Each structure stands twice: as C-alpha cells, then as structure tokens.
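Encoded as structure tokens, the structure appears first; notes follow it.
The values are calculated or read from the model by the stated rules, or taken from the named source; none is laboratory data. Remember, predicted model here, so these are calculated numbers, not experimental data. Backbone-built Cβ (ideal geometry, glycine too); neighbour counts: all protein chains shown. We work out accessible area using only protein heavy atoms, side chains counted, and drop any ligands, DNA or RNA first. Shrake-Rupley method; radii C 1.70, N 1.55, O 1.52, S 1.80 Å.
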Amino acid sequence: MPPCSTVILGTGSYAPERVLTNAELSRMVDTSDEWIVTRSGIRERRIAAANESTSDMGVQAARRALADAKLTAADIDLLVVATVTPDLQMPAAACFIQQKLGLPGAAACFDVNAACSGFIYALDTACAMLSSGRYRRALVVGVEKLSSIVDWKDRTTCVLFGDGAGAVVVGTTDQPDVGLIGTRLGMISDSVDLLCIPNGGSNAPATPASIAAGSHFLKMKGKEVFKLAVRGMDEAARDILEHHHLRADQIALVIPHQANLRIIEAISQYLELPMERFFVNVDRYGNTSAASIPIALDEARRGGRIKAGDLTLLVAFGAGLTYGSALIRW
Ligand code: COA
C-alpha cells in the first residue's frame, strides 16, 4: 500500500473543574501572585479531583474530539497517549482509556513518554503508522495529572504546573498539501537531570527514605531549563521551516508548548513573528506538559483562530530534554 497523507479530523480538550489561583498558592507556600505572573505569566491552573484519574481526563478530551470529527469509538483502530503521569506505572494509560471509551479490541493502544514534547512525538508516531496504510484512524491524546507528581511544598516548581487533557482524531486523505506537512523531533543531550523525578524508577526504586526526602516528586533546575527551552524551541521551529522552504511570516498561528509566557515571548522575538501569531493560554492552565499543545490547538480551533488553508506550527520542549515541531495545513 502506498504511503498517504494524514489529516486532523477533530479536536477536543478537557480541564478539571477545580481552579487553583495564585492567591491560593500564596497561602500554601512563600510566593505571591506578582512573582508568579512576572516570572511565568501564569495566573491560575486546573487541578484534578482526587478520584479523577489521568485516563478519566483523557477520555473526556477523546470523546469531544470524536464528536468534533463526527466519529465514534468503533471508527478508531489506533490510540497513542502522550503522558508522564499514567494512572499506574503499568499498564499504559492508553489501556485504561481504551477500556473506558470502548474502543475495538483490535485497536493498538500504547503510551509515549517525551514529557512536554510528548504530544508532537505521539502525533508523529500515529501519523507514520497511518501513512503505512496498516491503520485507518487514530486518536492521539495528550494528558497529565501533574498535581500528583508536584511537591506542593516546593515553591520553585508547584506554581508552574497544572492538570488537563487534549485529543485529536487523525485520518488519511488523498488531498495534497493538507494535513500534517512534516515534523522534527530531537533531544539536547547531557541534560537528563535538569528536569526529572529522581526516585521511583527501576534505577532508584522508592524507599521510605526517598519518600521522606520527597525524591519521588518532580525536580527542576529552572534557570538552566529556561535557556535550553528557548534554544530547543527556536531550533525546532527554524529547522522545520527551512526544511519546507518556508518563512516564519507564512505561519498563520504558532501553537507553542505553554510552559512560561517569557519563553513564548523569546521565541516570538527570535523568529521575528509578532505575539499575535502565537496562541497563549498558559495564564489559565499553567504548564500541563503533554496536554498543553492539544488543549491550545482545540481552543484555537474552537475560537476561530485557525481557518481553512492556514499553516500552523506546533513547537514544544520538555524533560529529556526533548524537543519537537510539526507543521499542519488546514
Ligand atoms: N515565589 C517566590 N519566589 C520564588 C519562587 C516562587 N514561587 N520560586 C523561586 N523563587 C525565588 C528563588 O528562590 C530565587 O530567590 P533568591 O534570589 O533569593 O535565590 C528568586 O526567586 C529567583 O529565582 P530564579 O530561579 O532566578 O527565577 P527565574 O527568573 O529563573 O524564574 C522560573 C524561575 C522557574 C519561572 C524560570 O526559571 C522558568 O520558567 N524556567 C523554565 C521552567 C519550565 O518551563 N520548565 C518546563 C519546561 S517544559
């Protein structure tokens, strides 16, 4: 079977009900609304209920994406879930989402972990599998319950993250120049310890001492990550534009990973593209890692920011340190 192009047929997103404001955070740790807004642009974030799992949120976003595509679970034969906060370490969050959505038993289901770049990695994986001709329609979900791995006593990280989910339905098309035009994935070496969870993996299983020390929570060297995030996102954006012989001003809308408003502003300056061409919702959700781009994409579509024929650039950066970009023509 010859390779074919892939196209986004529908998008959906979900944010938990509970809003955690900067004012509330300033009563939990030694911080202030002014510090958080100035340093990150974040004003509030959503926090999942204690009994609301990663897969529950993923299912909500997936249902909305299916409805948008006017398809049902029976039409899906591939599910790729990007997350660093699966319900359990094993099996994959995709297995729980498969079960709750009622996807066909023959659907392939697995997780991808590329942290905040995870959605672009998952999208690329799903599109490659669809292009092979062996799958017909895919659900790609980016979902995180970061509140479960954040140390709520550590002001340097807890103010930055939030929970949520986004999803897209992907299919194939005969139309040339529509859909996923290309991707670029990569990683900056020697930086695995800048953003990680030190304990709880096979190399350093959790012990009573490691738990008492909080080493099962996310740890980040914020300043170093900031610099590399700007470098990685700029490179990922430039490389994909060059590869496709495009100028930045041909991009109608950039959907960047929503980690920090200052990182997005730096990319806007480096690419010499005004902030009006960047979709921003970090103020309302904080950093939702793999969920950030699909939530932003869904809000941009539903808000009328993406029109037929538009070229959209997705660009992300995350723990690893991984990076990725994708070009989509609508
Ligand atoms: N409230 C108040 N003060 C805080 C604080 C908080 N929540 N967090 C840190 N501080 C303090 C620090 O302790 C430090 O105090 P000191 O000067 O007395 O040592 C001071 O504020 C400045 O901290 P610094 O780390 O230099 O701030 P910054 O300008 O680098 O901003 C980040 C911090 C985390 C917002 C920024 O580095 C960042 O966004 N990094 C990238 C994070 C990211 O996006 N990660 C995910 C990638 S996918």
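Restricting ALA326, ALA296 to residues that are surrounded by 24 or more Cβ atoms within 10 Å (Cβ to Cβ) and in a helix (DSSP H, G or I) narrows the list to ALA296. In the stretch 299-323, the qualifying residues are those that are more than 12 Å from the ligand (Cβ to nearest atom) and on the phi > 0 side of the Ramachandran plot, and the one that is surrounded by the fewest Cβ atoms within 10 Å (Cβ to Cβ) is GLY304. Looking across the stretch 154-212, the residues that are within 16 Å of the ligand (Cβ to nearest atom) and among the hydroxyl-bearing types (Ser, Thr, Tyr) come down to THR156, THR157, SER191. For the stretch 179-188, the count of residues that are open to solvent by less than 50 Å² (accessible area, probe 1.4 Å), in a loop (DSSP other than H, G, I, E, B) and in the same structural domain as ILE36 (by TED's automatic domain parsing) is zero.
Looking at this structure, is VAL140 part of a strand (DSSP E or B), in contact (Cβ under 8 Å) with a residue 12 or more places away in the chain and not assigned by TED's automatic domain parsing to the domain that holds ALA213? Against the criterion (part of a strand (DSSP E or B), in contact (Cβ under 8 Å) with a residue 12 or more places away in the chain and not assigned by TED's automatic domain parsing to the domain that holds ALA213), VAL140 qualifies.
Of all residues in the stretch 192-219, those being open to solvent by less than 30 Å² (accessible area, probe 1.4 Å), in a helix (DSSP H, G or I) and in contact with a Lys or Arg (Cβ under 9 Å, 6 or more places away or on another chain) number 1. Count of the stretch 79-111 residues, restricted to those that are more than 16 Å from the ligand (Cβ to nearest atom), surrounded by 23 or more Cβ atoms within 10 Å (Cβ to Cβ) and either assigned to a loop (DSSP other than H, G, I, E, B) or of a type in the set (A, V, I, L, M) (or both), is 8. Among the hydrophobic types (A, V, I, L, M, F, W, C), over 17 Å from the mean Cα position of the chain (by Cα) and within 16 Å of the ligand (Cβ to nearest atom): is that true of LEU9 in this structure? Here the answer is no, as LEU9 does not meet what is asked.
Screening GLY222 with (1) more than 26 Å from SER53 (Cβ to Cβ); (2) within 16 Å of the ligand (Cβ to nearest atom); (3) buried (at least 17 other Cβ atoms within 10 Å of the Cβ) gives one miss only, at (3).
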